[in-house]
1. Which length gain, in nm to one decimal place, applies between residue A:41 and residue A:270 when the Cα-Cα distance is subtracted from 0.36 nm times their residue separation?
2. Return the average number of partner chain Cβ atoms within 10 angstrom of each residue Cβ along peptide A:242-251.
3. Just to check I understand the Karplus step: with θ = phi - 60° and J = 6.51 cos²θ - 1.76 cosθ + 1.60, what whole-Hz values come out for the range B:101-114, glycine and proline as x?
4. Which of the peptides B:15-21, A:238-244 is most tightly packed, and how do the rest follow, going by the mean number of other Cβ atoms within 10 Å of each residue?
5. Report the convex hull volume per residue for the protein assembly as shown, counting only C-alpha atoms, in Å³.
6. Among A:130, A:11, A:120, which one shows the biggest mean-square fluctuation in a GNM of chain A, springs joining Cα atoms closer than 10 Å?
7. By per-residue mean of other Cβ atoms within 10 Å, what is the highest-first order of A:75-82, A:101-108, A:3-10?
8. With the cut-off at 1.5 for a/c, could you classify the range B:147-287 from its C-alpha gyration tensor as rounded, prolate or oblate?
Protein chains: 2
Amino acid sequence: MKQPLRDCRIGIIGLGLMGGSLALALQGKVKHLTGIDKDPATIATAISRKIIDQGQTRLTTALKPIDLIILAMPVMSIIETIPKLPSIVTEKTLVMDLGSTKRAVMDAFRALSQPMNTIGGHPMCGKASGGLINADANLYQSAAFALIKSDCAPPSSQRLAEALVTAVGARPLWMDADVHDRIAANVSHLPYLVSCALIESAEPAVADLIGPGYRSASRLAATPGAMMNHILETNQDQILIQLDVFIEKMDKIRSLVAAKDFDNLFTNLAKIRAKLADMLAVNERDW
Amino acid sequence: MKQPLRDCRIGIIGLGLMGGSLALALQGKVKHLTGIDKDPATIATAISRKIIDQGQTRLTTALKPIDLIILAMPVMSIIETIPKLPSIVTEKTLVMDLGSTKRAVMDAFRALSQPMNTIGGHPMCGKASGGLINADANLYQSAAFALIKSDCAPPSSQRLAEALVTAVGARPLWMDADVHDRIAANVSHLPYLVSCALIESAEPAVADLIGPGYRSASRLAATPGAMMNHILETNQDQILIQLDVFIEKMDKIRSLVAAKDFDNLFTNLAKIRAKLADMLAVNERDW
């Protein structure tokens with residue numbers, strides 16, 4: 001099977017921010033787009049805005065002629081959906097997911113009694129506000145898109161997954177599920193919890209005084225629990241490691257402030273500025 | 001003295017981001033603008049771009065006919081400049097500053113052998129990149145602008161300070177120097193140090209993977225040391241209190257994660273989301 005993306009019939013399960021944006025970014029680049037979402041109003045909106053060619057509110061055999069299914073729900077919903085897939089998909093169908101943690105999802109695929117043609121995915125992008133209403137055809141543009149191999153996906157499926165990622169403007173990055181989850185804990189789950197602790201520390205009087213810097217530092221705390229809670233539950237061990245690293249850094253800064261050791265504090269902060277500048281230089285093409 | 005702002009001759013010492021933006025925002029609203037900056041190139045740029053009417057690189061008696069002087073430098077530079085002012089200003093001249101911490105500045109004013117007509121100020125706004133090149137006439141728009149009374153400033157000077165603040169589009173908020181410094185530690189200095197610890201915790205491999213959320217949470221770490229170091233040195237005691245509050249919140253979150261007590265963790269995070277939403281609702285006019 002060497003099927004180009006433009007000849008593929010695609011199914012997207014979950015038409016929220018990520019699934020809806022994916023559908024928008026795939027407009028005109030695939031043969032057919034089916035959207036599956038449990039909310040009838042979301043399906044109606046997606047059809048009337050021509051985001052999908054066809055829509056349904058339940059997983060049924062109507063999915064059978066589909067070449068590539070993408071699970072675009074929160075992690076725990078993906079894990080609950082995986083056991084329902086074997087009765088719906090054919091052996092040839094490639095099943096991908098966009099879940100924010102990858103080891104728990106890949107384990108759920110592996111736990112199926114019959115091997116399934118699967119590749120894990122995680123686009124490293126998002127928005128403060130979710131839902132189809134905030135979907136954006138450019139959401140994936142220049143974003144890193146982690147891809148996780150499984151034993152059951154042939155090379156042709158790997159090429160199809162890469163074609164999907166590049167078609168929406170993202171950068172495919174193959175990695176192991178465990179490496180992904182460690183990096184995601186460092187770069188996404190830790191900053192979320194740090195922003196939360198910052199908001200928890202906010203004095204009541206400050207609401208009228210906060211400026212762009214504070215809003216920037218704290219905005220991740222607004223990430224919906226419907227998404228974050230699944231991440232915290234399925235990546236608890238990696239997040240705990242990252243929390244310990246961060247708290248150690250905070251304690252070190254606190255010790256220097258407490259000792260009024262400004263020489264060492266300022267040297268440390270200058271190193272951090274240089275590190276951030278280096279990171280942004282690497283990252284700048286999608287800045 | 002009931003001098004309206006439009007009849008005032010204004011002097012701004014320091015034509016960086018804050019002083020330059022103030023000069024731009026005051027265009028056409030005052031009688032005359034003198035800019036003082038030790039860098040001749042900055043003065044030349046400010047004159048050629050008509051940001052100021054007149055410029056000089058040193059504090060001299062040429063300042064004498066000025067009604068309102070604004071010190072727009074980092075805190076320690078303001079404190080070093082204050083003892084030089086009595087030989088330059090008249091008794092009628094109102095001296096304001098834009099320093100990021102207020103108690104140390106107000107103490108420096110109070111330490112003068114002759115009382116000076118002074119009001120402390122701190123606009124709660126800024127940008128990731130400093131300098132005149134990044135100055136923006138809209139920088140102060142809708143920002144909270146803390147004002148600190150001194151014993152020596154008559155009511156007419158207080159009204160002039162308020163007129164200046166509203167002329168650039170900001171909101172005057174009178175407060176005590178100590179209250180300001182506590183709030184600033186909570187809303188500005190703590191988030192800076194938290195962003196720094198986040199960058200210090202970053203794994204080497206993540207530079208290619210960071211997305212808008214991470215950049216948002218970490219951008220304060222790029223604040224120039226030339227500004228931040230003065231703040232850390234002059235507000236050490238309040239910052240230490242805020243660091244302890246924050247570390248306690250982080251430790252609590254860590255304990256819940258370590259214990260896999262997701263019920264209490266999710267309840268706590270939901271409260272934080274509600275608190276942030278409330279804060280932003282109050283703050284929304286300048287969101």
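The values are calculated or read from the model by the stated rules, or taken from the named source; none is laboratory data. This structure is a prediction, so every number in the text was calculated from the model and none was measured. All Cβ positions, glycine included, derive from the backbone under ideal geometry; neighbour counts span all protein chains shown. Protein only, heavy atoms only, side chains kept; ligands, DNA and RNA dropped before computing areas. Shrake-Rupley method; radii C 1.70, N 1.55, O 1.52, S 1.80 Å.
1. 77.2 nm
2. Taking all residues of A:242-251 together, the mean is 6.
3. 10, 10, 5, 5, 5, 5, 5, 5, 5, 5, 6, 5, 5, 9
4. Result, highest mean Cβ count within 10 Å first: B:15-21, A:238-244.
5. In the protein assembly as shown, the Cα convex hull volume per residue is 156 Å³.
6. Among A:130, A:11, A:120, the largest GNM mean-square fluctuation belongs to A:130.
7. Peptide ranking by packing, descending: A:101-108, A:75-82, A:3-10.
8. prolate
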